[in-house]
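K.L.:
One structure coming up, written as structure tokens, with questions to follow.
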Amino acid sequence: MTMRSPLSRVRGLGSAHSGTEHFLTQRMTAIANVPLVLFFVYLLVTLAGRSHAAVSATLSNSTTAIFLLAAILSVVIHMRIGMQIIIEDYVHHDGLKMSLMMANTFFSIAIGLCAGFAILKLNFGL
């Protein structure tokens, strides 16, 4: 006999009500990261040694910008969840854990905003 409600079993949520969601989100971003990071590496290899004007022209292409923004979003979400899991597993002091979780979130947001702004600035020629 189980103490879980039928709704809880259907949703697949554990006692913290978010473990499954984090697990699935991390796996989905990992799958999305494969082609996006391969595109990013290919772009870096093809742009290596080229002039500033050529790099700016390539990065100002809308299709390239969309792929780079998707890569930034996926990688930042994956990074944030991964660090959150590490903090939850290995930091045992509640105050320090909360501080590190907040710092992790703010750092992820800052990295995502800065990278996204740089791509948009290049794309719109500001």
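Quick note: the coordinates plus some simple rules give every number you see, no bench work behind them. Source: prediction; values computed, not measured. Backbone-built Cβ (ideal geometry, glycine too); neighbour counts: all protein chains shown.
K.L.:
Confirm whether Ile72 is more than 15 Å from Gly116 (Cα to Cα) and either surrounded by 15 or more Cβ atoms within 10 Å (Cβ to Cβ) or among the aromatic types (Phe, Trp, Tyr) (or both).
P.N.:
On the way: more than 15 Å from Gly116 (Cα to Cα): no; either surrounded by 15 or more Cβ atoms within 10 Å (Cβ to Cβ) or among the aromatic types (Phe, Trp, Tyr) (or both): yes.
Against the criterion (more than 15 Å from Gly116 (Cα to Cα) and either surrounded by 15 or more Cβ atoms within 10 Å (Cβ to Cβ) or among the aromatic types (Phe, Trp, Tyr) (or both)), Ile72 does not qualify.
K.L.:
Please work out which one of (1) closer than 20 Å to Ala71 by Cβ; (2) loosely packed, with under 12 Cβ neighbours inside 10 Å; (3) small (Gly, Ala, Ser) is the condition Ala118 fails and give its number.
P.N.:
(2)
K.L.:
Same structure, new question: Among the numbered criteria (1) loosely packed, with under 15 Cβ neighbours inside 10 Å; (2) in contact (Cβ under 8 Å) with a residue 12 or more places away in the chain, which one does Leu100 miss?
P.N.:
(1)
K.L.:
In addition: Looking at (1) surrounded by 14 or more Cβ atoms within 10 Å (Cβ to Cβ); (2) closer than 15 Å to Ala32 by Cα, which is the one condition that is false for Gln84?
P.N.:
With (1) surrounded by 14 or more Cβ atoms within 10 Å (Cβ to Cβ); (2) closer than 15 Å to Ala32 by Cα applied to Gln84, the lone miss is (2).
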